[in-house]
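Engineer: The structure that follows is given in the form of structure tokens.
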Amino acid sequence: MKALKYILFLLLILFIGLAIYIAVQPNDFSFERSAVIKAPTPVVYEIVNDYREWPRFSPWLEQDTAAVLTYKDKTSGIDAGYSWDGELLGIGSMQTIDVLKNKSIAQHIEFVEPIVSKSNINWTFEQVEESTKITWSMDGKQDFITKLYVAFAGSIEKNTAPDFERGLFKLDSIVQSDMKQYSITIEGTTQHGGGFYLYNATSCKIEDFEQKKQEMMPIVGGYAISNNITMAGKPFVLYHKWDTANNTVMFSCCIPTTLKVETSDPNILTGQLKPFQAVKTVLKGDTVNSEEAWNKATAYIKDNNLKEPLAGPVLESYLTNPISTPNPANWITEIYLAVEQQY
């Protein structure tokens, strides 16, 4: 009997000691994980901001694919939210409480089962050269039950941070995949209306073409804006010569105008395209796919008993630009190859 009392006394001491140990654990927790994704910030932000995109990168939904997801009517922006009910995930919900477009997203996450808890989730987005630094953080209070759990299972950071790292890795993967999506559509023969245009021209090595184009187009566009010249359409490149053998390209960067313009800058000239028949090809996606689009357009010409006249216009018209349309998958380029019927 005396031994039993000693055992009970020791157990009581152990229990009190454990309770004290648990009680003195931190009342708060916080941690974060970051990654650098080679993509424009708006592209990354829009995916994180929309809960319907979360099944694509969420490490928890990856583990519990049978979980039932219920979305609010609003799935992006302030007051957006969704909830889940799964065998592994338990029951919980998340809601967006604040956003600063392309800068930050603040969310509130609440678990009902298997344990009751509430935490804050925060995302920040920072443009770093041609990439985006994204930081995913979590913080909250630790009540006694939570302290008891982490005392035996390890800290919330130890248990959850690897999931954050996995989620950021998956996010990077889907962003890269999304940006590479493209399509090429041959719309057949059409009549290009021609018209007047402002332009500057140069020649360069083929590998320098994109850089030169990016330097020159804003100059001619800026001239039109600063001189209050009405633009009659989207900017385009007019190709004069593409010489693969000698690795050179001659081209003009052009801004269509409603009327013939007399320019005051010797580097900005006025040209005119006469109306012409052309095969029109539409590339939706990154311009790195232009070569494939051109090849398909050329094949179409050969397959349909058409030919390209020696002096016929060859041009690319850019319906979007990287500033207003940051995701390359949504860029639209129209290619016009002048043609005539073969007899």
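Bear in mind these aren't lab numbers, they're just calculated from the coordinates by the rules spelled out. Small disclaimer: the values here were computed from a predicted structure and weren't measured. Note: ideal-geometry Cβ built from the backbone for every residue, glycine included; neighbour counts use all protein chains shown.
Engineer: Measuring from label point to label point, each 7 Å out along Cα→Cβ, what is the Ile332 to Ser183 span in nm?
Structural biologist: Simple spin-label model gives 1.2 nm for this pair.
Engineer: If the label point is 7 Å along Cα→Cβ of Val282, which residues in segment 322-343 have backbone nitrogen under 18 Å from it?
Structural biologist: 325, 328-337
Engineer: Oh, and also: Leaving out same-chain residues fewer than 8 places away, which aspartates and glutamates sit with a Cα under 13 Å from that of Lys101?
Structural biologist: Glu46, Asp50, Glu126
Engineer: How far apart, in nanometres, would the label points at Val112 and Lys141 be if each is projected 7 angstrom from Cα along the Cα-to-Cβ direction?
Structural biologist: 2.1
Engineer: Please report how many Lys pairs in segment 262-313 have alpha carbons closer than 15 angstrom, counting only residues at least 8 apart along the chain or sitting on separate chains.
Structural biologist: 5
Engineer: For the pairs Lys103/Lys234; Lys118/Lys158; Lys180/Lys260, flag any whose C-alpha to C-alpha distance is greater than 28 Å.
Structural biologist: From Lys103/Lys234; Lys118/Lys158; Lys180/Lys260, over 28 Å: Lys103/Lys234; Lys180/Lys260.
Engineer: Can you list residues from other chains, or at least 5 along the same chain, whose modelled amide H is less than 5 Å from the amide H of Tyr82?
Structural biologist: Sorted by chain and number, the residues that satisfy this are Lys72, Met94.
Engineer: Continuing with the same structure: In degrees from 0 to 90, rounded to the nearest 10, what is the angle of the helix 156-179 Cα long axis to the longest principal axis of the chain?
Structural biologist: Its long axis makes an angle of about 10 degrees.
Engineer: Counting only GluC sites (Glu not before Pro) that are in a DSSP loop and have at most 14 other C-beta atoms within 10 Å, tell me the longest site-free stretch of the chain.
Structural biologist: 131-261
Engineer: Next up: In segment 30-97, which trypsin sites (Lys or Arg not before Pro) fall in coil by DSSP and have 15 or fewer other Cβ atoms within 10 Å? Intermediate values should be presented prior to the final figure.
Structural biologist: Numbers: sites: Arg33, Lys38, Arg52, Arg56, Lys72, Lys74; in loops: Lys38, Lys72, Lys74.
Sparse-neighbourhood loop trypsin sites (Lys or Arg not before Pro): Lys38, Lys72, Lys74.
Engineer: OK, next. Over what distance in Å are the Cα centres of segment 264-298 and segment 56-111 separated?
Structural biologist: 44
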